[in-house]
Each structure stands twice: as C-alpha cells, then as structure tokens.
Amino acid sequence: MKFLSKKSTAIILAALMALPLAACGNQKGSTEATQAAVATIDEAVHSTAASTPDQSGTSAKKLTEADVTTTQTIENTADGEHAITADGESANYQNVKVIKSGDSSESDKADFYGDNATIFATNGGTLNLSDIVVKSDGTHANGVFSYGEGTTVNIKDSYIETAGNCSGGLMTTGGGTMNATDLTINTSGNSSAAIRSDRGGGTVNVSGGYYTTSGTGSPVIYSTADITVSNAEMASTASQGVVVEGKNSVTLNSVNLNADNNKKNSNKSSWYQAVMIYQSMSGDAAEGTSSFTMNGGTLTNENGDIFFVNNTATDINLTGATITNNDTEGVFLRAAAAGWGSDGKNGGQVTLNAKQQTINGDMVVDDVSHLNLYLSDSSVFTGAINSSGQAGEVFVDLSSGAKWTLTSDSYITSLTCDADSIDLNGHTLYVDGDAYTAGTASTGEAIAVVSTGSGHGGGSTPPDKPGNSGSDSDTPPAKPDN
C-alpha cells in the first residue's frame with residue numbers, strides 16, 4: 001500500500017488548516033480556500049503514489065481526473081438540487097463530467113433523503129454510471145446517492161472528489177443499493193466519509209479502487225448499512241479508517257487500510273482509534289449486534305488504538321489479516337464506556353474471533369464491558385489483558401494450535417485452553433482471581449451477550465454526522481415533498 005511520506009503528511013496537515021472545521025449545517029466555507037487545500041492534498045497524495053512502489057497485492061487501480069475521458073459536462077449550481085436524477089426510472093451515463101455547487105440548509109433532508117446530492121437515484125430508479133468524473137464543493141453535496149428500497153446505483157471506472165463539509169463520496173440510505181467498481185474517491189470536507197450511509201442504511205458493495213479522506217470526522221467508511229469492500233486501497237489522514245454504528249456491518253476482503261485518527265470531532269471520547277464500533281442512540285442505526293470482518297489485507301494504525309467498542313455489542317472476525325499499530329502507546333482492543341449511551345450501561349460487548357491471525361498488543365476491558373476472545377487455527381496473541389487488574393469480564397478460548405504469550409500480568413474471568421496454549425513469559429495470569437498454573441489445560445464458560453443497545457440517555461454526536469434528528473427509529477419516514 002502507498003503510505004504517505006512524512007513530508008507529504010506535513011503538506012496535507014498544513015493544507016487542512018485552511019479548511020473550515022465548523023459542524024455540518026452551520027457553515028458554508030470558503031470555496032477558494034477549500035479548493036486550494038484540496039489541490040495541495042491531491043498533489044501530496046499523487047507525489048507519494050508516484051514515488052512509492054505498490055506492494056499491496058490488490059487489484060486496485062488509481063485514477064486521476066485526467067484518466068477519465070469525458071465528452072460532455074453536466075453542471076448544477078442551485079441549492080438543494082441535483083445535476084443528475086433517476087426518479088423511478090432507469091438511466092445510463094458514460095464519459096460525463098458532473099459538477100455540483102450550491103448547499104443544503106437542511107441537514108436531515110441532505111443526509112437522509114439526498115437533497116443537494118450531485119447524482120441522485122430514488123423511488124426504485126436504477127442508475128448505471130461508467131467513466132464519469134464527479135466533483136462537488138458545496139455543503140451537504142454528496143457525490144453519488146442511492147435512496148430507498150429497490151433503488152440501485154451501479155458505478156464503475158470513475159473519479160469522485162468532494163470538497164465541502166458533510167459531502168460523502170458514495171452515500172446510501174433508506175434501504176438503497178450501491179454497487180461500485182474501480183473508483184477513486186477523495187474527500188476533504190469534515191464529516192465526509194468516502195463510503196457513507198445514514199438513516200435506514202442499505203447494501204453497499206465496493207470492488208477495487210482507491211478511497212481517501214482528509215477531513216475531521218471523515219472515516220473512509222461510515223456504516224449504518226451492510227458494506228462490503230474487496231481488493232481496495234483506503235486511507236484516512238485525520239479520522240478513523242472505519243466506523244460502524246448500531247446493528248450494521250463492514251466486511252473487508254483483501255483491503256489495505258491506513259488510518260491516522262488525529263483530530264477529535266466531539267468530546268465524547270478521549271481515545272483515538274483505527275476502527276470504532278458504537279451505538280450513538282441518535283436513531284440513525286438500529287440497536288443490536290454489529291460486525292466488523294477482515295479477511296486478509298492489511299490494517300495499519302498511526303495513532304491510538306486499533307479497535308474501540310462502546311455502547312454496543314459486536315462481533316469482530318479476523319482471518320489472516322496483517323494488523324500493525326505504529327503507536328506504541330495504543331492497545332489492540334479497547335472496550336469501554338465513553339460519552340454515548342447511559343452511564344453504567346454503555347460499555348462494549350465484544351466477541352472477537354481470530355483464525356490464522358497474529359495479534360500484537362494489549363486488550364483493555366473496563367468494568368461495564370466484556371470480551372469473549374476466541375483464538376483458533378494457529379492464531380498467535382502476544383500481549384496482556386487488563387494488565388492493571390480485574391475490571392470487565394473476559395473469557396479466553398484457545399484451540400487448534402492457538403498460542404498466547406503474555407507481556408504483562410493479565411486478569412481474566414474464564415479460560416479454555418490446552419496444556420501448551422499459554423506462555424506466561426515470566427508473568428502471572430489470573431483467572432477469576434486465581435493464578436493459572438503453567439502447562440495445565442482449562443475449561444471455562446463464555447460470557448452471555450446482550451445484543452440490544454444500552455438505552456437512550458447519553459445523547460450523541462456521531463463521528464461522521466455532527467448533528468442528527470434524535471429520532472428513535474432507524475427506518476426513515478417517507479421523503480418530504482419539499
């Protein structure tokens with residue numbers, strides 16, 4: 001994967017200082033400043049890509065705007081309107097440059113129903129898009145938007161760039177479907193995930209391509225849907241790499257992801273992380289067990305922790321992925337209360353399944369959280385669990401040749417293992433308060449998982465959406481007439 005050099009990163013951070021940092025719906029921003037920052041970021045990214053050999057092994061191909069041949073331009077500058085719309089109809093567009101300026105003053109209409117999106121499909125419409133360029137610089141000017149059950153957008157071999165705040169690259173809500181192949185998406189606004197969903201979710205399938213974000217609160221993927229990405233290159237330079245909210249999922253197959261979460265979008269949490277899994281209680285995502293799955297590929301974290309789980313139950317499934325934390329102070333997994341949900345009930349309930357997986361780093365489970373850790377198929381875990389002492393309940397199951405080497409004293413509540421599964425490495429493993437004896441087998445019981453959320457009470461400001469309706473339903477009402 002082509003990671004940014006320190007010089008390029010410095011250029012990007014300087015450019016980001018020119019971008020407005022106000023919340024969605026409260027700022028319009030300077031078009032000139034934003035465009036200048038985008039140009040600087042793009043130059044840095046392209047310079048790094050040109051000088052760094054690709055060792056990713058994925059089939060992703062990176063496009064620039066110049067790589068896409070266009071024969072006509074479609075432009076819209078009006079607030080709240082679209083450049084291209086498919087309303088209950090099928091339409092095909094190829095070799096087209098699509099430009100959108102203008103803003104939406106109503107964040108819910110834009111985030112939930114597609115107001116002001118550059119390209120918009122709704123009411124069961126189908127859009128087939130290929131070899132197109134999409135550029136927007138307005139606030140709430142998402143690139144390509146699929147809204148509603150039965151609506152499908154198919155897009156391939158295209159370049160998408162959004163510069164305004166609250167302007168995702170691909171956006172899916174209300175049960176829509178988005179199928180994308182070999183895209184390059186760059187977003188630079190705040191709260192502008194490259195692959196984004198909102199109220200009512202849907203299904204998103206992405207294959208190949210490059211996806212980068214540089215704004216605050218702009219992970220590469222923000223999921224309130226079922227999102228699958230395969231054989232792609234992804235990078236965030238200010239936010240998490242992936243955020244999953246509520247009863248939704250993200251699956252990465254042979255994806256290379258680099259995350260540098262170094263800017264806070266709210267004061268709800270003091271930790272930085274590459275992958276955040278939570279329930280905001282905003283009503284934008286159903287309560288229940290979420291999932292994050294990674295098959296192969298690489299996940300590299302530059303700041304903070306790898307995984308953070310808060311106020312929800314989740315299944316984390318890892319198989320043969322290369323996971324690296326370049327922050328030596330960060331942990332592999334943190335399940336802990338933060339500013340979302342009700343105090344005392346808003347921890348993380350984690351089931352982590354690792355197969356043929358190497359895990360390096362500690363795990364921290366606070367007293368309102370719990371962890372079921374299943375290591376199998378020759379997985380190797382090097383690290384400690386709750387090294388500061390007993391807190392939340394933790395069950396560890398090592399089978400099929402899995403090994404755990406301790407790096408510090410560890411405190412868990414239940415253990416299943418073979419006699420040769422654990423290397424104490426000079427430390428002590430406490431199981432329900434008793435010291436484990438090296439070289440002995442053990443049989444324990446997993447911790448029951450409560451799959452619902454912890455209840456309304458803490459309020460929320462989700463990382464990708466600074467502002468929400470506060471509705472209690474994850475299913476959107478009918479789109480407003482005006």
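The values are calculated or read from the model by the stated rules, or taken from the named source; none is laboratory data. The structure displayed is predicted, hence computed values, not measured ones. No Cβ is skipped: glycine too gets one built from the backbone with ideal geometry, and neighbour counts run over all protein chains shown.
Summary table
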{"read-out": "Output for region 99-133, where each listed residue is over 20 Å from Asn165 (Cβ atoms), out of contact with any Gly (no Cβ under 8 Å at 6 or more places or on another chain) and of a type in the set (A, V, I, L, M, F, W, C)", "value": "Leu127, Leu129, Ile132, Val133"}
{"read-out": "Tabulated pairs, region 133-162, first over 24 Å from Gly88 (Cβ atoms), second outside any loop (DSSP other than H, G, I, E, B) and of a type in the set (Gly, Ala, Ser), C-beta under 7 angstrom, 6+ apart or interchain", "value": "Asp157/Ser130; Thr162/Ser136"}
{"read-out": "Single match in Ser410, Ser388, Ser399 (criterion: surrounded by 16 or more Cβ atoms within 10 Å (Cβ to Cβ), at pLDDT 95 or above, among the hydroxyl-bearing types (Ser, Thr, Tyr) and on the phi < 0 side of the Ramachandran plot)", "value": "Ser410"}
{"read-out": "Lone unmet requirement of (1) of a type outside the set (Phe, Trp, Tyr); (2) touching a Lys or Arg at 6+ places or on another chain (Cβ under 8 Å); (3) in contact (Cβ under 8 Å) with a residue 60 or more places away in the chain for Met281", "value": "(2)"}
{"read-out": "Candidate set: region 358-385, residues that are over 15 Å from Leu406 (Cβ atoms) and charged (D, E, K, R); chosen: the one surrounded by the most Cβ atoms within 10 Å (Cβ to Cβ)", "value": "Asp366"}
{"read-out": "Any strands (runs of 3 or more DSSP E) falling wholly within region 62-164 and containing at least 2 residues that are of a type in the set (D, E, K, R)", "value": "96-100"}
{"read-out": "Filtered residues of region 430-452 (kept if under 25 Å from Thr314 (Cβ atoms) and free of Cβ contacts under 8 Å to residues at least 40 places away in the same chain)", "value": "Val431, Asp432, Ala448"}
{"read-out": "Pairs with Cβ under 6 Å, 6+ apart, first in region 305-317 and closer than 22 Å to Asp343 by Cβ, second small (Gly, Ala, Ser) and in a strand (DSSP E or B)", "value": "Val309/Ala335; Val309/Gly348; Asn310/Gly348; Thr312/Ser290; Thr314/Ser290"}
{"read-out": "Residue check for Ala313: touching a Ser or Thr at 6+ places or on another chain (Cβ under 7 Å) and assigned to a loop (DSSP other than H, G, I, E, B)", "value": "no"}
{"read-out": "Pair list, Cβ under 9 Å, 6 or more apart: region 348-369 residue more than 13 Å from Ala391 (Cβ to Cβ) and aliphatic (A, V, I, L, M), other residue at pLDDT 95 or above and part of a loop (DSSP other than H, G, I, E, B)", "value": "Val350/Ser369; Ala354/Asp377; Ala354/Ser379; Ala354/Ala402; Ile359/Phe332; Ile359/Ser379; Ile359/Gly383"}
{"read-out": "Search result, residues across region 287-305 that are buried (at least 20 other Cβ atoms within 10 Å of the Cβ) and in a loop (DSSP other than H, G, I, E, B)", "value": "Glu287, Gly297, Glu302, Gly304"}
{"read-out": "Some residue of region 249-263 being touching a Ser or Thr at 6+ places or on another chain (Cβ under 9 Å), surrounded by fewer than 24 Cβ atoms within 10 Å (Cβ to Cβ) and closer than 14 Å to Ile195 by Cα", "value": "yes"}
{"read-out": "Any chance Gly241 is out of contact with any Phe, Trp or Tyr (no Cβ under 6 Å at 6 or more places or on another chain), over 18 Å from Asp305 (Cα atoms) and crowded, with 24+ Cβ neighbours inside 10 Å", "value": "no"}
{"read-out": "Residue check for Thr382: closer than 18 Å to Val275 by Cβ and either of a type in the set (D, E, K, R) or in contact with a Ser or Thr (Cβ under 8 Å, 6 or more places away or on another chain) (or both)", "value": "no"}
{"read-out": "Residues located in region 167-201, provided they are surrounded by fewer than 24 Cβ atoms within 10 Å (Cβ to Cβ) and within 14 Å of the chain's Cα centre (by Cα)", "value": "none"}
{"read-out": "From Gly341, Gly297, Gly246, residue being more than 15 Å from the chain's Cα centre (by Cα) and over 27 Å from Ser387 (Cβ atoms)", "value": "Gly297"}
{"read-out": "Count of region 104-117 residues which are crowded, with 24+ Cβ neighbours inside 10 Å and closer than 21 Å to Glu75 by Cβ", "value": "6"}
{"read-out": "Filter result for Asn325 (within 13 Å of Ile412 (Cβ to Cβ) and among the polar types (S, T, N, Q))", "value": "no"}
{"read-out": "Any hit, region 327-338, residues being more than 22 Å from Tyr436 (Cβ to Cβ) and at pLDDT below 95", "value": "yes"}
{"read-out": "Filtered residue count, region 379-415, keeping only those that are in a strand (DSSP E or B), acidic (Asp, Glu) and under 18 Å from Thr437 (Cα atoms)", "value": "1"}
{"read-out": "Selection status of Asp284, more than 14 Å from the chain's Cα centre (by Cα), surrounded by 24 or more Cβ atoms within 10 Å (Cβ to Cβ) and of a type in the set (D, E, K, R)", "value": "yes"}
{"read-out": "Filter result (touching a Ser or Thr at 6+ places or on another chain (Cβ under 7 Å) and either among the small types (Gly, Ala, Ser) or under 23 Å from Val449 (Cβ atoms) (or both)) within region 295-309", "value": "Asn295, Gly296, Gly297"}
